[in-house]
Ligand SMILES: C[S@@+](CC[C@H](N)C(=O)[O-])C[C@H]1O[C@@H](n2cnc3c(N)ncnc32)[C@H](O)[C@@H]1O
């Protein structure tokens, strides 16, 4: 069953006693200076996704990433189109073994396995996501070709050269040292194999001396539980440092590359009940409902605070997008050396 109602959301991951702990961890993480070496961003992501996984599924669907939008196209169609673009660039086909690094609840994995026929193993650092992804894989009759492990993608449990290819949607930005993730991907993919996906970066319009830019940057990092953001140029450099040959890096959010803004679903007027959930008005309504549920002890303590984190996140994302200082859509393709 999809997370169709807010009752499903408050009975999911949040209903465990971990909600309070995870919230405390999240607050502590972003009170500190984001660049402090003692911050464990892996543990941070684990806690963050205890809080938000069901809200994401309720508001966004089973794939937790943005996509380049075309006029007249639904959000889910644009998400699927990006997933197929990545899979096609990797030339995935039946019989190939593929890693999904930072797989969420497996939306991309199921869509790619169905359309391209590969066998896909997802890795996520959050145990609730593993459970949810496995249930959905079984529900979609894809559990023969889609599997999920609880693992940190900066230290994967797989032997060298385990996969023919790897992809990642909007997950590498959770690691403070992007290079560590890329090195692991380079190790577990066979020599000559391809790695592709999309990730979040600051654009060249970001000015570190501008207090407003820094406010928006911090809002995006805190609201989305990610590590300090880096520029597109620094992200490109991380591939070289990890020993990967970067074949393509392109910001799909650039005004000259797009028909519609990627952040439109977070602000547009609602055309459907499902769309309403993502908009500013819909998010305010969600907050009112979960506040009432929490007061009535029908939702665990921490539900309202989580909804508020997500509201602030959405506002910061829209502001970052409108100012052009941030992109969630750096599309990359890299090749592992050798072969
Ligand atoms: C924005 S979600 C994207 C999920 C998925 N790629 C999708 O598009 O649906 C980021 C994902 O990265 C995972 N993640 C963050 N840090 C991780 C780490 N150190 N190791 C493994 N997974 C991690 C999170 O658990 C989450 O599943």
| said: Restricting to the stretch 290-307, name every residue that is loosely packed, with under 15 Cβ neighbours inside 10 Å and in a helix (DSSP H, G or I). | reply: 292, 295
| query | Of all residues in the stretch 35-75, which are farther than 19 Å from residue 262 by Cβ and surrounded by fewer than 20 Cβ atoms within 10 Å (Cβ to Cβ)? | reply | 35, 36, 37, 38, 39, 40, 42, 43
| query | Just one of the numbered conditions (1) touching a residue at least 40 places away in the same chain (Cβ under 8 Å); (2) more than 10 Å from the ligand (Cβ to nearest atom) is not true of residue 101; which one? | reply | (2)
| field | Selected residue (only one of 166, 138, 161 is closer than 17 Å to residue 120 by Cα and within 14 Å of the ligand (Cβ to nearest atom)) | value | 166
| query | Is there any pair linking a residue in the stretch 141-162 that is free of Cβ contacts under 8 Å to residues at least 24 places away in the same chain to one that is near the ligand (Cβ under 9 Å from one of its atoms), with Cβ under 7 Å and at least six apart or on different chains, and which? | reply | 157/151
| How many of the residues making up the stretch 261-289 are part of a helix (DSSP H, G or I), surrounded by 14 or more Cβ atoms within 10 Å (Cβ to Cβ) and modelled with pLDDT under 70? | 3
| said: Which count do you get for residues in the stretch 50-80 that are closer than 17 Å to residue 226 by Cβ, at pLDDT 95 or above and assigned to a helix (DSSP H, G or I)? | reply: 0
| query | Under the condition of being out of contact with any strand residue (DSSP E or B) (no Cβ under 9 Å at 6 or more places or on another chain) and within 13 Å of the ligand (Cβ to nearest atom), which residue from the stretch 108-130 is modelled with the lowest pLDDT? | reply | 128
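The values are calculated or read from the model by the stated rules, or taken from the named source; none is laboratory data. As the structure is a prediction and not an experimental result, all values here were calculated from the model. Reconstructed Cβ throughout: ideal geometry from the backbone, glycine too, with neighbour counts over all protein chains shown.
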